[in-house]
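Participant: Questions regarding the structure given below will be posed in turn.
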Amino acid sequence: MRRVLLGIVLAAFVVTGIATADRLTWLLETFWIVLAVPLLLATWRRFPLTTLLCCLLAVHALILIYGGMYTYARTPLGNWVRDALDLSRNPYDRLGHFAQGFVPAILVRELLVRLSPLRGSRWLAPLVVCACLAFSSFFEMLEWWGSLIGGSATDDFLATQGDKWDTQWDMFLAGIGAITALLTLSRVHDRQLAALPEPRPTPAT
């Protein structure tokens with residue numbers, strides 16, 4: 001399953017990298033995949049992840065890749081939803097920021113449960129949501145810094161579509177995504193965590 005997911009993500013990454021009309025936006029949107037895949041491969045033997053988290057990471061990667069290929073403001077899927085619901089803007093970036101909270105919530109939860117004393121603690125869920133909101137805020141600052149450096153060339157990366165409250169909406173949806181993930185997936189996640197082996201210690205050098 002995990003190899004299939006990795007193959008799908010890598011295939012989509014290569015194909016969209018070739019087909020995209022805006023290489024800069026594609027690179028900015030898929031930068032996290034370039035970082036994450038080698039890291040996961042390097043740590044997999046001593047720290048394998050749950051199947052649930054692997055599936056979520058793969059879906060999130062595909063959301064980023066699709067948005068990077070077309071830019072978030074021009075995705076055909078988002079245009080279809082806009083027209084079907086008579087919206088004023090392409091809503092695909094809203095989905096992307098919801099996922100930016102939903103998927104990292106399970107990632108942070110898995111790391112805290114396995115690597116900290118928070119397993120079973122009532123502080124686990126609030127800290128997971130806080131971590132996701134902090135990451136969303138940091139991502140918004142990255143977009144800001146990118147716009148300062150790249151100027152108008154990064155407009156498609158920002159994807160504000162003229163909405164002056166876009167940054168606030170992005171962070172709000174990330175928070176909603178994190179809360180939704182915890183409410184719907186925590187029990188399934190706990191069962192899969194219980195079936196995992198303990199993390200292997202790093203060999204001494």
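Taken together, the values in this text are just the output of simple stated rules run on the coordinates, not laboratory data. Note that the structure is a prediction, hence the values are computed from the model and not measured. Every residue, glycine among them, receives a Cβ derived from its backbone with ideal geometry; neighbour counts consider all protein chains shown.
Participant: For the chain, give the magnitude of the charge dipole about the Cα centre (Cβ charges: +1 Lys/Arg, -1 Asp/Glu; no others), in debye to the nearest 20.
Facilitator: 1040
Participant: Tell me the mean residue ellipticity at 222 nm calculated for the chain from its helices only (DSSP H runs of n ≥ 4, each -39500 (n - 2.57), averaged over every residue, nearest 500).
Facilitator: -25500 deg cm²/dmol
Participant: Rank Ala21, Leu85, Ala181 by how far each Cα sits towards the positive end of the charge dipole of the chain (+1 on Lys, Arg Cβ; -1 on Asp, Glu Cβ) and give me just the farthest.
Facilitator: Positive-most Cα among the choices belongs to Ala181.
Participant: Compute a Gaussian network model of the chain, connecting alpha carbons closer than 10 Å, and tell me which residue from Gly17, Gly120, Gly175 fluctuates the most.
Facilitator: Gly120
Participant: Kindly write out, for segment 170-182 in residue order, the coupling ³J(HN,Hα) from the Karplus curve 6.51 cos²θ - 1.76 cosθ + 1.60 (θ = phi - 60°), rounded to whole Hz, with x marking Gly and Pro.
Facilitator: 4, 5, 4, 5, 4, x, 4, x, 5, 5, 4, 4, 5
Participant: A follow-up question, please. So which residue, out of Ala21, Ala61, Ala99, gets the largest mean-square fluctuation from a GNM of the chain using Cα contacts under 10 Å as springs?
Facilitator: The residue that fluctuates most here is Ala21.
Participant: Have a look at Ser136, Trp123, Leu64 and report the one farthest towards the positive end of the charge dipole of the chain, computed about the Cα centre with Cβ charges (Lys/Arg +1, Asp/Glu -1).
Facilitator: Of the options given, the answer is Trp123.
Participant: Something else now. If you average the C-alpha positions of segment 73-146 and of segment 1-42 separately, how far apart do those two centres end up, in angstrom?
Facilitator: 18
Participant: Continuing with this model, one more query. Given the chain, report the % of alpha carbon pairs whose separation exceeds 26 Å.
Facilitator: 38
Participant: Then there is this: Where is the GNM fluctuation largest for the chain (alpha-carbon springs, 10 angstrom cutoff): Phe31, Phe13, Phe172?
Facilitator: Phe31
Participant: Within a 10 angstrom radius of the beta carbon, how do Met1, Met69 rank from fewest other beta carbons to most?
Facilitator: Result, fewest neighbours first: Met1, Met69.
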